[in-house]
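Worksheet: one structure, shown below.
The values are calculated or read from the model by the stated rules, or taken from the named source; none is laboratory data. Not measured: the values here are computed from a predicted model. Cβ coordinates were reconstructed from backbone atoms using ideal geometry, including for glycine residues, and neighbour counts include every protein chain displayed. Ligands, DNA and RNA are excluded from the accessible area calculation, which covers all protein heavy atoms including side chains. Shrake-Rupley method; radii C 1.70, N 1.55, O 1.52, S 1.80 Å.
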Amino acid sequence: MDIATLVGLVAGATVVSTLILMGGSFGMFYDIHAVIVIFGGSFAATMIRFPLSAMIHGVPLGAKFAFTLSRLSAHDLVDELARIAEIARKQGPVGLEKVETDEPFLAKGIRYVADGYDLDFIRDNLERDRDNFLMHLDEGSKIYRAVGDCAPAFGMIGTLLGMVQMFSNMSDPSKLGPFMATALLATLYGAVVANLVCLPIADKLHGKLLDEETNRTLIIDGILMIRDSKSPTLVREMLLAYLPEKHRDTEGEPVPA
C-alpha cells in the first residue's frame, strides 16, 4: 500500500469537510445539477479524447498503482538478481525452478531461463511485456490528467449555466438561491476533483511509470546476464549503474564470484 496517496486523500478530504462543517452542513454543499455537469461532463470529454480500450485498461490500472508500491525496489532487485545469479552458477538453470520471488515480472524471467529459452526469445518477450505494461500505465496517467483538466472547465460551464438560469428568473426570487448554488458549487466541485484527486494521481502515476521502467529494464538486463552465465559479481556491478550514485556503495556485500 502506498500510504502517501491514502494519507494525502484523507487529509485533503478532512480539510474540506472541516471547513464545510465550520460554516454549515454537508447538505448545503450538495447539488445534483453540479454533480451532473462536473462528473458527467468531465468523463464525457475524456471519452472523446481516448479510445474505449484505453479507458478500460487505463482507469483501473491507474487506480491500482496510485495506491500500491512495487514489491521490490531497485535496491532490492540488484541484491535479488545477484542472489539468483549465484544459484544459477552453482546449480545451473535447473536450480532456478525452485527460486521464489515476490515480483511477477522477475518470476517470469526466471522461468524463461529455467526452461532454457534462448537470449533473443527472452529479450523480445520481456521487452514486449514491459512496453505493454508501461503503455497502459501511461494511458492511466493521461486519462486522470485529462479528467483533472476538464473538471475546472466544466465547473465554469456549470457556473455559467447557473447564472443564465438565475438571470432568466429574476422575477421569481425563490428560484435565485438554487440557481446561484448550482453556479457556485459547480466551480467548487471542479476545483476539488481536479486539484485533490485527478491531477495528484496523474503525477503519482507518472512518477511510478518512471520507476517501473527502470526496475523492469534492470530485471531484463539481469535476467539476460544470468542466461549468459555471467558471474554474480559482474551482475551486481553492471546493475548498480541503475541506482543513484549515492546508493551504490550502500548495497549489501558483493556475492562471491
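One table, with the values for the structure above:
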{"read-out": "Pair Q91, F39: separation of 7 Å Cα→Cβ label points (nm)", "value": "5.2 nm"}
{"read-out": "Convex hull of Cα atoms in the stretch 1-155, direction-averaged projection (nm²)", "value": "12.7 nm²"}
{"read-out": "Whichever lysines have a C-alpha closer than 27 Å to that of K175, once near sequence neighbours (fewer than 8 apart) are set aside", "value": "none"}
{"read-out": "Accessible surface, per residue, of the chain when the full set of protein chains is kept, probe 1.4 Å, Å²", "value": "54 Å²"}
{"read-out": "Measure of compaction for the stretch 33-80 (Cα Rg per 2.2 N^0.38 Å)", "value": "1.79"}
{"read-out": "The stretch 61-122, relative contact order [Cα under 8 Å, separation at least 6], %", "value": "26 percent"}
{"read-out": "R0 of 51 Å, Cβ-Cβ distance M156-M238: FRET efficiency to nearest 0.05", "value": "0.45"}
{"read-out": "Rounded accessible area of M170 (nearest 10 Å², 1.4 Å probe)", "value": "100 Å²"}
{"read-out": "Accessible surface of the stretch 39-194 [probe 1.4 Å, protein heavy atoms]: carbon and sulfur percent", "value": "63 percent"}
{"read-out": "Spatial extent of the stretch 55-108: Rg and Dmax, with the Cα atoms as the point set, Å", "value": "15.1, 47"}
{"read-out": "Accessible area (Å², 1.4 Å probe, nearest 10) - Y242", "value": "70 Å²"}
{"read-out": "Theoretical FRET efficiency, 1/(1+(r/R0)^6), r = Cβ-Cβ of T214 and D172, R0 41 Å, to 0.05", "value": "0.10"}
{"read-out": "Evaluated at q = 0.10, 0.14, 0.16, 0.20 Å⁻¹: base-10 log I(q)/I(0), Debye formula over Cα of the stretch 36-126", "value": "-0.47, -0.69, -0.78, -0.99"}
{"read-out": "Dipole of the stretch 125-257, positive end: most advanced residue of A186, L199, A146 [Cβ charges, Cα centre]", "value": "A186"}
{"read-out": "Principal axis dimensions, largest first and in whole angstrom, of the stretch 132-257 by Cα", "value": "89, 29, 15"}
{"read-out": "Area accessible to solvent at S53, 1.4 Å probe radius, in Å²", "value": "70 Å²"}
{"read-out": "Mean Kyte hydropathy of -0.5 or more with a Cα span along the axis of at least 18 Å, helices from DSSP in the chain", "value": "3-22, 52-66, 74-91, 119-168, 176-192, 199-227"}
{"read-out": "Cβ-placed point charges (K, R +1; D, E -1), dipole of the stretch 1-138 about Cα centre in debye, nearest 20", "value": "240 debye"}
{"read-out": "Cα→Cβ-extended label distance, 7 Å offset, between R49 and D118, nm", "value": "4.5 nm"}
{"read-out": "Links that overshoot a 32 Å alpha carbon limit, given the list K98/K142; K64/K108; K142/K230; K108/K208; K64/K98; K108/K204", "value": "K98/K142; K142/K230"}
{"read-out": "At 1.306 mPa s and 10 °C, Stokes D of the stretch 1-73 from Kirkwood alpha-carbon radius, µm² per second", "value": "104 µm²/s"}
